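Here is the structure we will look at.
The values are calculated or read from the model by the stated rules, or taken from the named source; none is laboratory data. Quick caveat: nothing in here was measured; it's all calculated off a predicted structure. Cβ sites come from the backbone with ideal geometry, for glycine too, and all protein chains shown count toward neighbours.
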Amino acid sequence: NGNLLEIQNLKTYYPIKGGFFKRTVGNVKAVDDVSFTIGKGETLGLVGESGCGKSTTGRTILRLLSPTSGKIIFDGKDITNLSGKDLRLARKDFQMVFQDPYASLNPKQMVGDIVSEPIRNFSNKSLKDLKDEVMSLLKRVGLPEDAYYKYPHEFSGGQRQRIGIARALALKPKLIIADEPVSALDVSVQSQVLNLLKELQDEFDLTFLFIAHDLSVVKHMSDRIGVMYLGNLVELADKDSLYSEPLHPYTQALISAIPEPDPRKRKERIVLQGDVPSPANPPTGCPFHTRCPVAKEECSKVKPTLKEVKPGHQVACILYN
Ligand code: SF4
Ligand code: MG
């Protein structure tokens, strides 16, 4: 089995509290029955508009959130219900790179301490070994030598993200979940950070779950891509088939909105009407039916499941049944 990660029917619901007694009056269905796998060394991209559940999916896999139901199998081991020491140990192997590097770095800690903290938590290396290791990590991610003794505020946004990446690498993890890792950065530094992540992937044998709303960023980074809408995975395919032949009407709309510099290749942009419904009160049937330009009557009644319609290309839409 070449899969590093297997997600089966994952649901993550948040309770909504209301009324005088703060009783649970409903659920936000942030992730609603999502299944996928990621092969060793592969990058799976997850795209969708904000609020579609892609970050919640990532956080649930890392077990920063507890799943409501479903299974998370990591490297052959079921980690769905781990807690305490077992969870802490399992976490060595998966790390997160966050969207806002500044918010995720303690401003009062020296960079050397930030990056060495995960190592200190898991080993009792000598101070010298620890320092050598951190120095070489800092150098590898492209930070200056004296970064070790500086504080996060002394760095630019791109450099802070490099600090976050060094920290994520410190324990030599197998999986990195990168949640919008460049969307807070200037466009000019975005590709530098993306290319760094790609180089590190080869060097450190990393597997990536790469979460972003920007389809060109995801295309640059991913082998396969999953498209999420309202807590559901609506399409999953190889990068090339997804971009050249998107099947789901939602994916088609997303892809039609990517700017095409070549006027001969430009296609008509599909503009979706209305807003994304609330995940606290999702529509019946297909979650996309309230905005789908080709919806049929039955779309509001039956919820389509993800089906493989061509080798490696899965879609959840009745048009392909
Ligand atoms: Fe549109 Fe119906 Fe397909 Fe949903 S199932 S995407 S509403 S055609
Ligand atoms: Mg998000």
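Tell me, please, whether a residue that is among the basic types (Lys, Arg) and either surrounded by fewer than 21 Cβ atoms within 10 Å (Cβ to Cβ) or in contact with a His (Cβ under 8 Å, 6 or more places away or on another chain) (or both) can be found in the stretch 159-167.
Just the residues of the stretch 159-167 that are among the basic types (Lys, Arg), to begin with: 160, 162, 167.
Retained after the next criterion (residues that are either surrounded by fewer than 21 Cβ atoms within 10 Å (Cβ to Cβ) or in contact with a His (Cβ under 8 Å, 6 or more places away or on another chain) (or both)): none.
Within the stretch 159-167 (the criterion being among the basic types (Lys, Arg) and either surrounded by fewer than 21 Cβ atoms within 10 Å (Cβ to Cβ) or in contact with a His (Cβ under 8 Å, 6 or more places away or on another chain) (or both)), the answer is no, since none of the residues qualifies.
So that you can scan it fast, the table gives a plain yes or no per residue for (1) within 16 Å of ligand 2 (Cβ to nearest atom); (2) surrounded by 15 or more Cβ atoms within 10 Å (Cβ to Cβ); (3) in contact (Cβ under 8 Å) with a residue 60 or more places away in the chain; (4) within 25 Å of the chain's Cα centre (by Cα):
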| position | (1), (2), (3), (4) |
| --- | --- |
| Arg269 | no, no, no, no |
| Gln273 | no, no, no, no |
| Pro277 | no, yes, no, yes |
| Pro282 | no, yes, yes, yes |
| Phe288 | no, yes, no, yes |
| Arg291 | no, yes, no, yes |
| Val294 | no, no, no, no |
| Glu297 | no, no, no, no |
| Lys307 | no, no, no, yes |
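Scan the stretch 271-301 residue by residue and report those that are hydrophobic (A, V, I, L, M, F, W, C), within 8 Å of ligand 1 (Cβ to nearest atom) and assigned to a loop (DSSP other than H, G, I, E, B).
Cys286, Phe288, Cys292, Val294, Ala295 - these are the residues of the stretch 271-301 that are hydrophobic (A, V, I, L, M, F, W, C), within 8 Å of ligand 1 (Cβ to nearest atom) and assigned to a loop (DSSP other than H, G, I, E, B).
Give the residues of the stretch 48-62 that are within 16 Å of ligand 1 (Cβ to nearest atom) and out of contact with any Phe, Trp or Tyr (no Cβ under 7 Å at 6 or more places or on another chain), sorted by residue number.
Glu49
Looking only at residues that are among the charged types (D, E, K, R) and over 22 Å from Ser156 (Cβ atoms) in the stretch 118-142, which one is surrounded by the most Cβ atoms within 10 Å (Cβ to Cβ)? Please lay out each step first, then the result.
Here is the first cut: in the stretch 118-142, the ones among the charged types (D, E, K, R) are 120, 125, 128-129, 131-133, 139-140.
Then keep just the ones that are over 22 Å from Ser156 (Cβ atoms); that gives 120, 125, 128-129, 131-133.
Values: Arg120: 13, Lys125: 14, Lys128: 8, Asp129: 11, Lys131: 14, Asp132: 12, Glu133: 16.
Checked the stretch 118-142; the qualifying residue surrounded by the most Cβ atoms within 10 Å (Cβ to Cβ) is Glu133.
Can you tell me which residue among Ser35, Ser50 is assigned to a loop (DSSP other than H, G, I, E, B), hydroxyl-bearing (Ser, Thr, Tyr) and either out of contact with any helix residue (DSSP H, G or I) (no Cβ under 9 Å at 6 or more places or on another chain) or under 15 Å from Gln314 (Cβ atoms) (or both)?
That would be Ser50, the only listed residue that is assigned to a loop (DSSP other than H, G, I, E, B), hydroxyl-bearing (Ser, Thr, Tyr) and either out of contact with any helix residue (DSSP H, G or I) (no Cβ under 9 Å at 6 or more places or on another chain) or under 15 Å from Gln314 (Cβ atoms) (or both).
Answer yes or no: is there a residue in the stretch 41-61 that is more than 16 Å from ligand 2 (Cβ to nearest atom) and over 28 Å from Tyr243 (Cβ atoms).
No, the stretch 41-61 has no match at all.
Can you work out which of the residues in the stretch 72-101 that are in contact (Cβ under 8 Å) with a residue 24 or more places away in the chain, over 12 Å from Leu62 (Cα atoms) and not charged (D, E, K, R) is farthest from ligand 1 (Cβ to nearest atom)?
Here the answer is Pro101.
Please verify whether the stretch 79-92 includes one or more residues that are out of contact with any Pro (no Cβ under 7 Å at 6 or more places or on another chain), more than 30 Å from His313 (Cβ to Cβ), of a type in the set (D, E, K, R) and in a loop (DSSP other than H, G, I, E, B).
No, the stretch 79-92 contains no residue that is out of contact with any Pro (no Cβ under 7 Å at 6 or more places or on another chain), more than 30 Å from His313 (Cβ to Cβ), of a type in the set (D, E, K, R) and in a loop (DSSP other than H, G, I, E, B).
How many residues does the stretch 1-58 contain that are closer than 15 Å to Ile177 by Cα and surrounded by fewer than 16 Cβ atoms within 10 Å (Cβ to Cβ)?
3
Within the stretch 200-220, does at least one residue satisfy the condition of being in contact with a Lys or Arg (Cβ under 9 Å, 6 or more places away or on another chain), at negative phi, more than 16 Å from ligand 2 (Cβ to nearest atom) and not assigned by TED's automatic domain parsing to the domain that holds Leu10?
yes
Condition first: surrounded by 17 or more Cβ atoms within 10 Å (Cβ to Cβ) and either free of Cβ contacts under 8 Å to residues at least 12 places away in the same chain or more than 17 Å from Arg160 (Cβ to Cβ) (or both). Now tell me which residues in the stretch 177-212 satisfy that.
Ile177, Gln201, Leu206, Thr207, Phe208, Leu209, Phe210, Ile211, Ala212
Tally up the residues in the stretch 71-87 that are touching a Ser or Thr at 6+ places or on another chain (Cβ under 7 Å) and surrounded by fewer than 19 Cβ atoms within 10 Å (Cβ to Cβ), please. So that I can check it myself, show each step before the final result.
First, pick out the residues of the stretch 71-87 that are touching a Ser or Thr at 6+ places or on another chain (Cβ under 7 Å): 71-72.
Checking the rest, the ones that are also surrounded by fewer than 19 Cβ atoms within 10 Å (Cβ to Cβ) come to 71.
Total satisfying the criteria: 1.
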